[in-house]
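S.K.: Would you mind keeping the following structure in view while I ask a few things?
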Amino acid sequence: MSPADSTEDRTLVASAQNGDMEAFELLVRAHADAVYAHGLRFFGDREAAQDVVQEVFLKLYRSLTSYDGSAAFSTWLFRVTRNVCLDMFRQGRRRPVPIDPVDIAVGASPGVTPDHANTVVDGIVLEQAIRALQPEDREALNAVTLFGMSYAEAAVTLDVPLGTVKSRVFRARRTLVAAMGMQGGDVQ
Amino acid sequence: MNPECLEAQQIVSETYDGEHVDPAAIQRARQHCTECPECSVFVSRLAAIRKTPAPSAPPRVIQNAIETIRTEVVAQAALAEEAAAATARAASAAKEDASVAPRPIPPAQQPSPRRLTQATWFAWGGWATAAAVALVLVGVLAVRGISYIAGPQEKAASDTAMITQNDSSAAPLSAAPESADDAAEASRSSASARFITVGGFVYAYTGPGARLPSNATTIGVTVSALDTGSAPQQYSVSSAGGDNFVVVTETGLYGFELVARTLRGQSYGLQSRALSGFGQWPSLPEGYAEPASDDGSPSFSRATSDDSGVAIFTPNGSDPSGGFAIAPGTSSSDPAGGNPNWTWWAPLP
Ligand SMILES: [Zn+2]
């Protein structure tokens, strides 16, 4: 996420805090994808991801007055999204769909090219591989790639040292790269 | 792995994320990746992964989220408005009660803090939150052109309260059955389904005539046609002491009680999708798929039984303390009796 996006978010949040519902709707539209993707990767189920989107934005709306802008909006959003998923899981309202590692290894993608400079990745297989990551690695990767957080912001939010975020994101990437090799993303 | 490869790959990964990396280190990593086949593959695959879009929320999902928030905004406004009106009513009733000897409420009839807490939480987090959010709403409603009566919420003094069950002075109820016999005669058809939902919890109709006590506190709103047969309207729901709740309409008062059951000494309240009028049976709340078979699958598995032998189902047969489902077909004395749907019971604090 660029600093410009971040500035725009702050402006929208400020407007929403002043009662501008349309500003809040713009925030929902701008960030629903990240929340949905996080929910989908957590539960592996579209309906559950839909519930996550509903609940996250409702929670954000309800707590608008408590947001003081000291953290980036994306950081706040990520924190709420993460907590909503964990709460839904802990309360037994949703259970993650188990992942079958075979789906990742065998899900050879059509349309692959033998030239690894033009590697193509099957989005579905990639998502399966992301779901199969260690939860803490997936969380760090999502914080950075879906929510546009810096490693430093992710470290604060996840309450771990900066170096831990670095290694989790890197471990996630290496695992994904390896998984894409298993499913024939390119030929070596 | 060669430490040089590891370092190069980590630098590439961090650079992709926009992290600050020493330019000289980037240069070294770039050089290494052009010469090292393994790192070259890593870079190309990483680039491909980066190009692959993450799942995006379907437009319907976004629209649903927005609609939910809009509904809440309207509900909040009604709640704030009703709270102001309730405060005014309480003040006027307190004056009235001062002239007659008040009958103190026995402790057993006083509002159950536990149940009130639960219901109130769902109704926008209680008075404090409602008041705080009202600040936002002033602006929202100004934009949307909805009339809004601002007013501080107060819980009126409880020592002047009076509850008169079946008080003949209360306005008459329109067409609702007035006795338990009537209710029994309605058998198990949808006519015997007389429920409302407040904050996701289900309240069963108990009969007309409960006078709104002077210390009534609004616990939330419901959108229901009740038994009027006309379009659903939004009503505030007030606590009338103990487990009694009252909906005041233009034609009279409707009494309700929270539908609850106990399991291992813990109380659980019935939750449901919104019910827009009498005649509708509570069903599983949003987020729970209707089981395809009697054994609860694929949504639930049988976890245990309660003291009456009613089967308790949970997702994956997990511990029921976080909530559980009941299959249709329980006896008429069961809180879920007569309901043709699966029901969900959430713990009450
Ligand atoms: Zn190398």
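The values are calculated or read from the model by the stated rules, or taken from the named source; none is laboratory data. What you see is a predicted model, and the numbers here were worked out from it, not measured in a lab. Please note: Cβ atoms are built from the backbone with ideal geometry, for glycine as well, and neighbour counts cover all protein chains shown. Side chains included, ligands, DNA and RNA excluded: accessible areas come from the protein's heavy atoms. Shrake-Rupley method; radii C 1.70, N 1.55, O 1.52, S 1.80 Å.
S.K.: Looking at region A:132-153, which of its residues are more than 10 Å from the chain's Cα centre (by Cα) and in contact (Cβ under 8 Å) with a residue 24 or more places away in the chain? Let's see the steps before the verdict.
M.R.: Step one: list which residues in region A:132-153 are more than 10 Å from the chain's Cα centre (by Cα), which gives A:132-137, A:149-153.
Within region A:132-153, A:A132, A:L133, A:Q134, A:E136, A:D137, A:M149, A:E153 qualify.
S.K.: Another question, if that's okay. Can you run down the residue pairs with Cβ atoms below 7 Å, 6 or more apart or on separate chains, where the first is in region B:327-338 and assigned to a loop (DSSP other than H, G, I, E, B) and the partner is of a type in the set (D, E)?
M.R.: Here the result reads B:A327/B:D294, each pair linking region B:327-338 to a residue that is of a type in the set (D, E).
S.K.: Quickly run through region A:156-168 and pick out the residues that are of a type outside the set (D, E, K, R) and either open to solvent by 10 Å² or more (accessible area, probe 1.4 Å) or over 25 Å from A:D9 (Cα atoms) (or both). Please lay out each step first, then the result.
M.R.: Initial filter on region A:156-168 (of a type outside the set (D, E, K, R)): A:156-158, A:160-165, A:167.
Once the filter is applied, which keeps residues that are of a type outside the set (D, E, K, R) and either open to solvent by 10 Å² or more (accessible area, probe 1.4 Å) or over 25 Å from A:D9 (Cα atoms) (or both), region A:156-168 yields A:V156, A:T157, A:L158, A:V160, A:P161, A:L162, A:G163, A:T164, A:S167.
S.K.: Now for a different question. Out of region A:39-73, which residues are in a loop (DSSP other than H, G, I, E, B) and either over 15 Å from the mean Cα position of the chain (by Cα) or under 17 Å from A:E139 (Cβ atoms) (or both)? If you could, list the steps in order and put the result at the bottom.
M.R.: Just the residues of region A:39-73 that are in a loop (DSSP other than H, G, I, E, B), to begin with: A:44-45, A:63, A:67-72.
Answer for region A:39-73, where residues must be in a loop (DSSP other than H, G, I, E, B) and either over 15 Å from the mean Cα position of the chain (by Cα) or under 17 Å from A:E139 (Cβ atoms) (or both): A:G44, A:S63, A:Y67, A:D68, A:G69, A:S70, A:A71, A:A72.
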